[in-house]
Each structure stands twice: as C-alpha cells, then as structure tokens.
Amino acid sequence: MGALCFRALCCKGPPPARPEYDLVCIGLTGSGKTSLLSKLCSESPDSVVSTTGFSIKAVPFQNAILNVKELGGADNIRKYWSRYYQGSQGVIFVLDSASSEDDLETARNELHSALQHPQLCTLPFLILANHQDKPAARSVQEVKKYFELEPLARGKRWILQPCSLDDMEALKDSFSQLINLLEEKDHEAVRM
C-alpha cells in the first residue's frame, strides 16, 4: 500500500497549464494602471514610474495568467493606442475616480471609443474606478451614470468595480470576475 501511495503522490505529473490571456490595459496618465499591476505582481509600488510607451506584465492568478499590455496614458500616446489592440482577448480600463471634471470627461471619451473600437467591441471589459481611498472619489454609481455605461455597453460584457491600492482583496476579486468572462468567451469559441 505504501509504495502505491507514494507513486500516486510523486508521479502525478505537472499541474495542468493555466490558460493565458492577452489583455490590453488603458487609461489616462495618473489613473494608477502601473501601480495596480505592479501590486498584483507583488512588486513594490514605490518604484513605479509612469509608463511612457507600453509595458507588458505577466500577472499570475490561481486559475490563469494574464499577459497585460499596459499602454501609456499621455495625450501624445493615446492616439496610438489602437495600434496595440490586435490580439487582445480582454480590456482593462483604469480611471481615476477622484480626478478633475476635465480628466473624467477625457477618460469617458477614451472609454467610449475603446468600447466601440472594432478590435475591442466584442471583448470583456474590466473597468476599474481607482483611487476610491481619496476623499474626492466618486462612487461606482456616479461613475456608471457619468460614463453612461448602461446604454453604451448594453449587450457587452463589462464589470465596473471600485478599487484602490489599499484593498488588494477587492482588486483580485475584480480580476477573478474578468477571468470568468474570459473563460466564458473561450468556451463560446469552442462551441461555435
């Protein structure tokens, strides 16, 4: 019996490979994209500098690995975002929920054009209302209303979640929900 037990333990083979998904992460400069992704990769957020071009991070989760292509959010870079959309399987849009009206307006326009972009419009979206720990932060309800998500994103798969660097559990939960949407999309592709 002992030998059998030992064999079952040591010869099981490698664990099944986690699925990998290629995501694009967009949002204005200062919305917190780099900090959130660094924190998810267990890197120190102190060493974070604003992304000027783009950077790619492999963010490990229990049931999937997300290869996130994060695009810089400065004015002069945003017009090139769409060049990097090809091959994406999902979108992470980060907005600063405590930003000025002007920045919020710009973020809204950028999100609207992403939701309507031919390479992204069928993909799952995770929209993160970041900086919820700041006094000026708008609630998720306010963001949903301001960004007109109900009419615009009807029929699309999107998740709008509050987040801040202080609450990693909530952030991980948001990403788990996104992974569920990605898995559903995978199964649909198989069924077609």
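The values are calculated or read from the model by the stated rules, or taken from the named source; none is laboratory data. Since the model is a prediction, treat every value here as computed from it, not as a measurement. Heads up, the Cβs are rebuilt from the backbone with ideal geometry, glycines too, and the neighbour counts pull from every protein chain shown. The area values use the complete protein model at the heavy-atom level, side chains included, leaving out ligands, DNA and RNA. Shrake-Rupley method; radii C 1.70, N 1.55, O 1.52, S 1.80 Å.
Points worth noting:
- Residue match in segment 58-80 (condition: open to solvent by 70 Å² or more (accessible area, probe 1.4 Å), among the acidic types (Asp, Glu) and within 23 Å of Ser176 (Cβ to Cβ)): no
- Flag: Leu120 does not match the condition of being assigned to a strand (DSSP E or B) and either of a type in the set (Lys, Arg) or open to solvent by less than 10 Å² (accessible area, probe 1.4 Å) (or both).
- Lone unmet requirement of (1) over 19 Å from the mean Cα position of the chain (by Cα); (2) over 18 Å from Asp96 (Cα atoms) for Ala137: (2)
- Members of segment 18-48 that are assigned to a loop (DSSP other than H, G, I, E, B) and at pLDDT 80 or above: Arg18, Pro19, Gly27, Leu28, Thr29, Gly30, Ser31, Gly32, Cys41, Ser42, Glu43
- In this entry, Leu115 is excluded by the filter for residues that are among the hydrophobic types (A, V, I, L, M, F, W, C), under 19 Å from Leu36 (Cα atoms) and part of a helix (DSSP H, G or I).
- Cβ pairs under 7 Å, 6+ apart, first in segment 108-135 and free of Cβ contacts under 8 Å to residues at least 40 places away in the same chain and over 27 Å from Asp167 (Cα atoms), second outside any helix (DSSP H, G or I) and open to solvent by 30 Å² or more (accessible area, probe 1.4 Å): Gln119/Gln86
- Count - residues of segment 149-183 that are over 16 Å from the mean Cα position of the chain (by Cα) and free of Cβ contacts under 8 Å to residues at least 12 places away in the same chain: 4
- Conditions (1) under 18 Å from the mean Cα position of the chain (by Cα); (2) within 13 Å of Ser31 (Cα to Cα); (3) modelled with pLDDT under 95: number failed by Leu95: (3)
- Applying the criterion of being at negative phi, of a type in the set (D, E, K, R) and not in a helix (DSSP H, G or I) to the residues of segment 131-185, the residue that is surrounded by the most Cβ atoms within 10 Å (Cβ to Cβ) is Arg138.
- Filter result for Lys144 (farther than 22 Å from Lys39 by Cβ and among the basic types (Lys, Arg)): yes
- Evaluation of Asn109 against (1) of a type in the set (S, T, N, Q); (2) closer than 27 Å to Ala64 by Cα; (3) surrounded by fewer than 13 Cβ atoms within 10 Å (Cβ to Cβ) (one fails), failing number: (2)
- Matching residues in segment 79-107 - criterion: being charged (D, E, K, R) and either in contact (Cβ under 8 Å) with a residue 40 or more places away in the chain or outside any helix (DSSP H, G or I) (or both): Lys79, Asp96, Asp103
- Scanning segment 125-151 for residues that are touching a helix residue (DSSP H, G or I) at 6+ places or on another chain (Cβ under 6 Å) and at pLDDT below 95 turns up just one, Phe147.
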